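Engineer: Just dropping this structure here.
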Amino acid sequence: MSTPLPNTSPSNVEFKVNGLPRTTPWSGEFENGSTVTLEMSLSFVGGEIKYAWKQWSDGVKNNTRTLVLSSNTTLIGVYDSWLIYDLNMDGNVDISDFEICASSFGGRIGDEDWNPELDFDKDGRITVLDLQLIVDHFGQTP
């Protein structure tokens, strides 16, 4: 028997094993020689942190991989992270992020250029409340 042990940094990430949904950390037993396909989420939001796939612990960049098991295997899926208010993903919430959100001020669900990632309070509109949330987080990093 062989056991693939996918884990992630952070933990509690949804992923698939042979198409079936699982959550990290997870382990399962398979016969030696079994083929197992692991597919990690490309991105997700946890609280005020946004995560994007980076790579496996062995350096492989593809979020989906197929393994032929011959021994116990441990892999860690690594994610980059940033605050949801860091709209340009430069590692810091600042005036640039405010300007990005301000450029969509007044936007609503259904508008051609609607961007739900700018609607922090999830009221269906880009308002002063969304801009204030960015200001409240100025200088913060994940």
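Engineer: Any idea what the relative contact order of the stretch 49-108 is, in percent, if you count C-alpha pairs under 8 Å spaced at least 6 apart? Kindly include the intermediate steps, with their values, before the conclusion.
Structural biologist: Working: 57 pairs, mean separation 19.2, N = 60.
It comes to 32 percent, rounded to a whole number.
Engineer: GNM, the chain, Cα, under 10 Å: largest mean-square fluctuation among Leu118, Leu42, Leu20?
Structural biologist: Evaluated over the chain, the most mobile residue of the options is Leu20.
Engineer: List the trypsin sites (Lys or Arg not before Pro) in the stretch 95-142 that DSSP assigns to loop (not H, G, I, E or B) and whose Cβ has at most 10 other Cβ atoms within 10 Å. Which are they?
Structural biologist: Those satisfying the criteria are Lys122.
Engineer: Please compute the contact order of the chain in relative form: average sequence separation of alpha-carbon pairs under 8 Å and at least six residues apart, divided by the residue count, as a percent.
Structural biologist: Computed value for the chain: 21 percent relative contact order.
Engineer: Can you tell me the relative contact order of the stretch 4-83? Whole percent, Cα pairs under 8 Å, sequence separation 6 or more.
Structural biologist: Averaging sequence separation for qualifying contacts and normalising by length gives 37 percent for the stretch 4-83.
Engineer: Does the chain classify as rounded, prolate or oblate by the C-alpha gyration tensor (a ≥ b ≥ c root eigenvalues; a/c under 1.5 gives rounded; else a/b over b/c gives prolate, otherwise oblate)?
Structural biologist: The shape class here is prolate.
Engineer: Follow-up question, since we're still on this one. Quick one: putting +1 on the C-beta of Lys and Arg, -1 on the C-beta of Asp and Glu, what dipole do you get for the stretch 4-83 around its Cα centre, in Debye to the nearest 20?
Structural biologist: On the way: 6 positive and 7 negative charges, 34 e Å.
It comes to approximately 160 debye.
Engineer: Using a/c under 1.5 as the rounded threshold, could you call the stretch 4-83 rounded, prolate or oblate? The axes a ≥ b ≥ c are square roots of the C-alpha gyration tensor eigenvalues, and prolate needs a/b larger than b/c, oblate otherwise. Mind showing how you got there, number by number?
Structural biologist: Values: a/c = 2.35, a/b = 1.94, b/c = 1.21.
It comes out prolate by the Cα gyration axes.
Engineer: Roughly how far apart, in whole Å, are the Cα centres of the stretch 101-132 and the stretch 34-87?
Structural biologist: 30
Engineer: Separate question: Reachable lysines from Lys61, Cα under 21 Å, same-chain residues fewer than 8 places away excluded?
Structural biologist: Lys16, Lys50
Engineer: In addition: Between Ile95 and Val45, what is the FRET efficiency for a Förster distance of 30 Å, r being their Cβ-Cβ separation, to the nearest 0.05?
Structural biologist: 0.85
Engineer: At most 12 other Cβ atoms within 10 Å and a DSSP loop assignment: could you name the GluC sites (Glu not before Pro) in the stretch 4-66 that fit?
Structural biologist: When the GluC sites (Glu not before Pro) of the stretch 4-66 are filtered for loop state and at most 12 Cβ neighbours within 10 Å, Glu29, Glu31 remain.
Engineer: Would you calculate a helix-derived [θ] at 222 nm for the chain, using -39,500 (n - 2.57) for each DSSP H run of n ≥ 4 and dividing by the full residue count, to the nearest 500?
Structural biologist: On the way: 2 runs with 17 residues, N = 142.
Computed ellipticity for the chain at 222 nm equals -3500 deg cm²/dmol.
Readers should treat all values here as calculations from the given coordinates under stated rules, not as data from a laboratory. Values in this document were obtained by computation on a predicted structure and should not be read as measured data. Glycine also receives a Cβ, built like all others from the backbone with ideal geometry; neighbour counts cover every protein chain displayed.
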